[in-house]
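A quick write-up on the structure given underneath.
The values are calculated or read from the model by the stated rules, or taken from the named source; none is laboratory data. All values derive from a computational prediction rather than experimental measurement. Ideal geometry is used to build each Cβ from the backbone, glycine not excepted, and the neighbour counts take in all protein chains shown.
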Amino acid sequence: MYNPVIFICNGKEIRTSASPTLTLLDFIRRELFLTGTKEGCREGDCGACTVLIGAGSDDGSVSYSAVNSCLIPLGTLHGKHLLTIEGLPKDALSPFQQALIKEGGIQCGFCTPGLIMSVTGFLLSEKDLSIEHAIEAIAGNICRCTGYKSIKRALESFLCDSGINPEAGEKRMESLIENGFIPPYFRNIPELLRSIPPFAEDPEDTKLKPYFAGGTDIMVQKQGEATDINFHFLKWSEERVRVEDGFIVLDAALKVSSIMDSAVLKTCLPQLESCLGLFGSRQIRNQATLGGNLANASPIADLANIFLALDGRLTLQNGDQVREVPLRDFFLGYKRLSKTESERIVKLKLPVPESGFFFNFEKVSRRKHLDVASVNSSVYMKAIDGRVKFIHIAAGGVAPYPLYLKETSSFLEGKSLTSGIILEAALIAQSECSPISDIRGSEEYKRLLLRQLIFAHFMKFNPELIYSPEILFQAQAPSKIF
């Protein structure tokens, strides 16, 4: 018998002793018989199973996130509000639903519930209700028959005259109720969530359980197996990015979307938000965590790549024992880490960037969005009068683990940048990497990509360095570089 998980589903309290590792999708469809939430890919790619999860805040408000229910374990729902398509108003179609019909945005209808839930989440939580942000909010919802132009027209149509209060918060929620987007019971959700007692869990028992944060990888890679594991579910951190003693400190349980929204990072590293826009879909970013992405140690992990270049340092904890490990020393081999099984990642520290720094992230994938990289690379540097004061370059997809290009970075440090120096750096990078041929490309192709991404970094830093006869000749004779 499992400890009860208690949450609000739509407007009703649910108390269940089902396995906390049962996927939310299966619980919704098989236990609650709410079959409007569709089962599609079960990998977080298609968005057909999108639902909203609302979490209470200290100020009494509730913040909502669109997530893929196929990747959410039931145990993470304790004390939260789950909204499915059945929880929306039933008496009349919302303005967006009407616009979908008018603009021909529905054919088979299989993707429609997830699409509507993503738009509802956008309306509840997004500060900027522009068409650009609306399109980004539904980027994780795949439609296989309608084509996206009609869906875009529907978004444009209802956003032009939606009657929604642009001010986020309680006024926004009231206008959504008045305009038929959400039902009146939303007014009672904060009070209902406060009435739910904390999850009953023995602190001593917790120490023995593996930690579960976002689960966007294990719920895909270990389908079926994950439901047999007794996890300790971590609470997602909100707004836990701060500056301490010259470092930007990020809690390991931060969601990727919270990193993107951080006011601290928007000030210190304004380029980071657009870089992380290439990380999965809105649903995945609302679920995936910083610590999980680093601990997973994928050779093509975007976060690991970015934070390697930014000279990140991890804090690991085992009970009262705490130690710090440079991120470049954390990855030892394929899925091998400088971490014991009993240690967990607590936080990541980044040196506050100096004024005048340059940062760039490049990613090559089959699709620009919603795809993993074939090869990715990041650079963080500062140059004074053309001479490199410091530089850190990272590369992914060219080694068994996220790779810090130590020799390449050391070679460039202190050098005056010229086309010839950049060509030498590209050659050194080739000697440091060891790509393999796989579904994302051949070894030769990945080597070529790494060279081109190094060129791309410096083209953005100073185009004149790249638009030179030396480099243009090499670009036309790629085999010369190997």
Of the residues in segment 400-457, those that are basic (Lys, Arg) and either assigned to a loop (DSSP other than H, G, I, E, B) or not assigned by TED's automatic domain parsing to the domain that holds Gly386 (or both) come to Lys415, Arg440
Taking the criterion of being modelled with pLDDT of 95 or more and either crowded, with 23+ Cβ neighbours inside 10 Å or of a type in the set (S, T, N, Q) (or both), would at least one residue in segment 248-257 satisfy it? yes
Residue hits (segment 68-126; more than 28 Å from the chain's Cα centre (by Cα) and within 22 Å of Leu25 (Cα to Cα)) are Pro89, Lys90, Cys108
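Matching residues to (1) assigned by TED's automatic domain parsing to the domain that holds Ser125; (2) at pLDDT 90 or above; (3) buried (at least 18 other Cβ atoms within 10 Å of the Cβ):
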| residue | (1), (2), (3) |
| --- | --- |
| Pro20 | no, no, yes |
| Leu25 | no, yes, yes |
| Arg30 | no, yes, no |
| Phe33 | no, yes, no |
| Asp59 | no, no, no |
| Ser65 | no, yes, yes |
So the helices (runs of 4 or more DSSP H) completely within segment 242-311 holding 3 or more residues that are out of contact with any Cys (no Cβ under 6 Å at 6 or more places or on another chain) and either over 15 Å from Gly396 (Cα atoms) or assigned by TED's automatic domain parsing to the domain that holds Cys70 (or both) are 256-261, 263-268, 272-276, 282-285, 290-296
field: Filter pass, Glu407 being of a type in the set (Asp, Glu) and at pLDDT 95 or above
entry: yes
Picked from segment 185-236 (must be small (Gly, Ala, Ser) and within 28 Å of Glu13 (Cβ to Cβ)), the residue modelled with the highest pLDDT is Ser195
Note on Pro326: of the conditions (1) more than 28 Å from Glu43 (Cβ to Cβ); (2) within 9 Å of the chain's Cα centre (by Cα), unmet is (2)
Scanning segment 2-60 for residues that are outside any loop (DSSP other than H, G, I, E, B) and polar (S, T, N, Q) gives Thr16, Thr23, Thr50
When every residue in segment 263-294 that is in contact (Cβ under 8 Å) with a residue 60 or more places away in the chain and among the β-branched types (Val, Ile, Thr) is compared, the one surrounded by the fewest Cβ atoms within 10 Å (Cβ to Cβ) is Ile284
Just one listed residue, out of Leu350, Leu316, Leu310, is surrounded by 15 or more Cβ atoms within 10 Å (Cβ to Cβ) and in contact with a Lys or Arg (Cβ under 7 Å, 6 or more places away or on another chain), and it is Leu316
If we keep only residues of segment 136-182 that are hydroxyl-bearing (Ser, Thr, Tyr) and free of Cβ contacts under 8 Å to residues at least 24 places away in the same chain, then the residue surrounded by the most Cβ atoms within 10 Å (Cβ to Cβ) is Ser175
In segment 341-364, anything farther than 30 Å from Val388 by Cα and not in a strand (DSSP E or B) is listed as Glu341, Ser342, Glu343
From the option list Leu332, Leu265, single residue qualifying as over 21 Å from the mean Cα position of the chain (by Cα) and over 28 Å from Gly114 (Cα atoms) is Leu332
When (1) on the phi < 0 side of the Ramachandran plot; (2) surrounded by fewer than 22 Cβ atoms within 10 Å (Cβ to Cβ); (3) in contact with a helix residue (DSSP H, G or I) (Cβ under 8 Å, 6 or more places away or on another chain) are applied to Asp128, the one that fails is (3)
When restricted to Asn462, Asn376, Asn360, the only residue crowded, with 24+ Cβ neighbours inside 10 Å and either farther than 19 Å from Phe279 by Cβ or modelled with pLDDT of 95 or more (or both) is Asn376
Result of the Cβ filter at 6 Å on segment 382-401, keeping first residues that are at positive phi and partners that are among the small types (Gly, Ala, Ser) and surrounded by fewer than 19 Cβ atoms within 10 Å (Cβ to Cβ), at least 6 apart or interchain, is Gly386/Ser416
